[in-house]
Amino acid sequence: MSAAEIFWQLLRGAPYTLLVTSVCAATGLCVGLFVAALRRARIPGLQVIIAVYAYVFRGVPVLVLLFLAYFGLPSIGIKLSPLLAMALSLGLTAGAYLAEVFRGALASVDTTEIIAAEAMGFSRLQIMRLVEFPQMLRFAVPGMINEFTTILKYSPFAYTVGIPEITKQATALTARTLQGIEIYLCVGLLYFAIYRVVLSTIRLVASRYQVPGIGNS
Amino acid sequence: MALLEVRDLVKRFGETTILNGVNLRVQKGEVKVVMGRSGSGKSTLLRCINRLEEPTSGSIRLHDREVTGPSVDIRALRRSVGFVFQQFALYRHLSVLDNVTLALRHLGGLRRNEAEEKARHELARVDMTEHRHKFPAELSGGQKQRVALARALAMDPDVVFFDEPTSALDPLMCREVAILINRLFVDGVTVLCVTHDLTLARLISDRVIFLDRGRVCAEDAIENLSSGHADPRVQEFFGQEASGR
């Protein structure tokens, strides 16, 4: 089988890889922002729940969480689709890490700006929405790029729950052709290409919102 | 009737008393200067008046309405007080124009085009129109100060507070700040300025209040305070300031 034919076969899995990566990145982003907002709200009981969430999802391997969600939960009557299981494992793990990224980025927001907003009469929610979060997102760009890249690299776990993404195509192709070296080299190149596209897209979006004096993408 | 009247204002942080019975009156259209050394309670005084800090006791009246106590709408009070901070505190992610329009749109309820029109007017007042699309990181200290002032003026406050407006500026810029404050005086804007900069005080006001360890020690013309005042604390402060420390 030629390299071109291998690539063509593998490309059939690329949309699924992108789908899994996008869904998990979106889940991670939403959860990370939500957790960062809850932390900022400083509601006493919630801080414990957030700490437990971060502890569990950063400490347990993604594959174990995925198997727990996809193969474990049906035993108590909860059956999830493969994509939802990925979102609940990889997405929530990414959320725990992104929450830390956002926490660090929030700490970079100048407190005098927050006090100035209070002095002008803005509410706590308005300050978060209009002053803290817009700056936080800019400061967090390098950390977000790092986390989104990690999500892409963990996306092959999706093949273990039957999603026909690139790695799934590769294992099937290898079993048929026994051209392991060529196939997995092509897989590596394909992931690298996707990584470059994702990176360029994020940098393009970040540069659109970049302002002098805040962070570097 | 004074626009702003502070009576027996006390502020304690734990065992430490920062303000110990401060009395102050600011008339409408007046430029009032409060001087004192670092730690004398000048900034805390401003922060208590607009309730960034809760006064321990005492009375603060703005337009003859009491503004201490739990029933006061603190956000409404803050909207009526412009505040220019020592470090300018401009929002780094917003352009000069957006810094000025932010409160107009989200607190004043103006539409974007209405807010921008008002912001352009305020920026013209401080000669910053041509810099309206720049970001704070692209401005000099003096320019940031002007934008901070335009932002404070945009909401048409009853009184504008300046907290050490020249401490982050070079001497030339200090004169510019004085010119700006004098322009406000001509426009009838009420100003309460805390500073330890004697040059600025001389340029913007005839009389100053001298604060020491949370108490008003003297209120007099600068000339009287700086030449042989009876109170040794006043003598010491104005002697040091006049000789540039």
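Set the Förster distance to 60 Å, then compute FRET efficiency between A:VAL60 and A:MET1 from the Cβ-Cβ distance, nearest 0.05.
With a Förster radius of 60 Å, E is 0.95.
Positive end of the charge dipole of the protein assembly as shown (Lys, Arg +1 and Asp, Glu -1 on Cβ, about the Cα centre): tell me which of A:LEU33, B:LEU110, B:SER43 has its Cα farthest that way.
Final value for the positive-end residue is A:LEU33.
What do you get for trypsin sites (Lys or Arg not before Pro) in the stretch A:39-69 restricted to DSSP loop and a cutoff of at most 14 other Cβ within 10 Å of the site's Cβ?
Qualifying residues, ordered by number: A:ARG42.
Compute the helix-to-body angle for A:141-154: its Cα long axis versus the longest principal axis of chain A, expressed 0 to 90° and rounded to tens.
Relative to chain A, helix A:141-154 is tipped by roughly 30 degrees.
Using only the alpha carbons of the stretch B:94-155, determine the length spanned along each of the three principal axes and report them from longest to shortest in whole angstroms.
For the stretch B:94-155, the Cα spread along each principal axis is 31, 20, 17 Å.
From the helices alone, meaning DSSP H stretches of at least four residues, give me the mean residue ellipticity at 222 nm for the protein assembly as shown, per-run term -39500 (n - 2.57), in deg cm²/dmol to the nearest 500.
When only DSSP H runs of four or more count, the value is -16500 deg cm²/dmol.
Report the local net charge at B:VAL31: Lys and Arg +1, Asp and Glu -1, summed over other residues whose C-beta lies under 13 Å from its C-beta.
With Lys, Arg at +1 and Asp, Glu at -1, the net is +2.
Please give the helix A:111-120 orientation as an angle from the longest Cα principal axis of chain A, in degrees from 0 to 90, rounded to the nearest 10.
60 degrees
Taking loop as defined by DSSP and a crowding limit of 12 other beta carbons within 10 Å, which trypsin sites (Lys or Arg not before Pro) in the stretch B:142-183 fit?
Filter output for the stretch B:142-183: empty list.
Counting Lys and Arg as +1 and Asp and Glu as -1, each charge on the Cβ, what is the dipole of chain B about the Cα centre in debye, to the nearest 20?
560 debye
Enter the mean number of other protein chain beta carbons within 10 Å of the beta carbon of each residue in B:91-101, as an integer.
4
Grab every C-alpha pair in the stretch B:27-184, bin the distances at 5 angstrom width from 0 up to the longest one, and report whole percents.
Per 5 Å bin, starting at zero, the Cα-Cα P(r) for the stretch B:27-184 comes out as 2, 9, 17, 20, 20, 15, 11, 5, 1, 0 percent.
When you count, for each residue, the other Cβ atoms within 10 Å and take the mean per peptide, how do B:106-115, A:135-144 rank with the highest first?
For the peptides B:106-115, A:135-144, the packing ranking is A:135-144, B:106-115.
Would you work out if the stretch B:50-106 is rounded, prolate or oblate? Take a ≥ b ≥ c from the square roots of the eigenvalues of the alpha-carbon gyration tensor; rounded if a/c is under 1.5, else prolate when a/b is larger than b/c, oblate otherwise.
The shape class here is prolate.
A:SER200 to B:LEU203: FRET efficiency via 1/(1 + (r/R0)^6), r the Cβ-Cβ distance, R0 60 Å, to the nearest 0.05?
So the FRET efficiency works out to roughly 0.65.
I'd like to know which of A:ILE202, A:ALA140, A:SER89 lies farthest towards the positive end of the charge dipole of chain A, counting +1 on Cβ of Lys and Arg and -1 on Cβ of Asp and Glu.
The residue sitting most towards the positive pole is A:SER89.
Would you list, by chain and number, the lysines whose Cα falls below 17 Å from the Cα of B:LYS32, excluding same-chain residues fewer than 8 positions away?
The reachable lysines, counting only those whose Cα sits under 17 Å from B:LYS32, are B:LYS42.
I need the shape label for the stretch A:1-117. Rule: rounded when a/c is under 1.5, else prolate if a/b > b/c, else oblate, with a, b, c from the alpha carbon gyration tensor.
In terms of gyration-tensor shape, oblate.
Can you compute log10 of I(q)/I(0) for the stretch A:3-209 with the Debye formula, treating each Cα as one identical point scatterer, at q = 0.08, 0.16 Å⁻¹?
Taking Cα atoms of the stretch A:3-209 as identical point scatterers yields -0.35, -1.06.
Could you work out the local net charge near A:MET144, counting Lys and Arg as +1, Asp and Glu as -1, over the other residues with Cβ closer than 12 Å to its Cβ?
Net charge in that neighbourhood comes out at 0.
Dipole size in debye (nearest 20) for the protein assembly as shown around its Cα centre, Lys and Arg Cβ +1, Asp and Glu Cβ -1?
Its charge dipole is roughly 1200 debye.
Report, to the nearest 10°, how far helix A:44-59 tilts away from the longest principal axis of the Cα atoms in chain A, using its own Cα long axis and a range of 0 to 90°.
30 degrees
Please give the direction-averaged projected area of the C-alpha convex hull for the protein assembly as shown, in square nanometres with one decimal.
The number I arrive at for the protein assembly as shown is 29.2 nm².
In a shell of Cβ-Cβ distance under 12 Å around A:ALA14, excluding A:ALA14 itself, what net charge do Lys and Arg (+1) and Asp and Glu (-1) give?
+1
Sort A:ARG196, B:ARG7 so that the residue with the fewest other Cβ atoms within 10 Å of its own Cβ comes first and the one with the most comes last.
Least crowded to most crowded, the residues run A:ARG196, B:ARG7.
Starting from the stretch B:144-245, pick out the GluC sites (Glu not before Pro) whose DSSP state is loop and whose Cβ has at most 13 other Cβ atoms within 10 Å.
Passing sites in the stretch B:144-245 do not exist.
Would the stretch B:108-245 count as rounded, prolate or oblate if I go by the C-alpha gyration tensor, calling it rounded below 1.5 in a/c and otherwise prolate when a/b exceeds b/c, oblate otherwise?
Here the stretch B:108-245 falls in the prolate category.
Coordinate-derived values only; no laboratory data. Being a predicted model, the structure only gives us computed values, none of them experimental. No Cβ is skipped: glycine too gets one built from the backbone with ideal geometry, and neighbour counts run over all protein chains shown.
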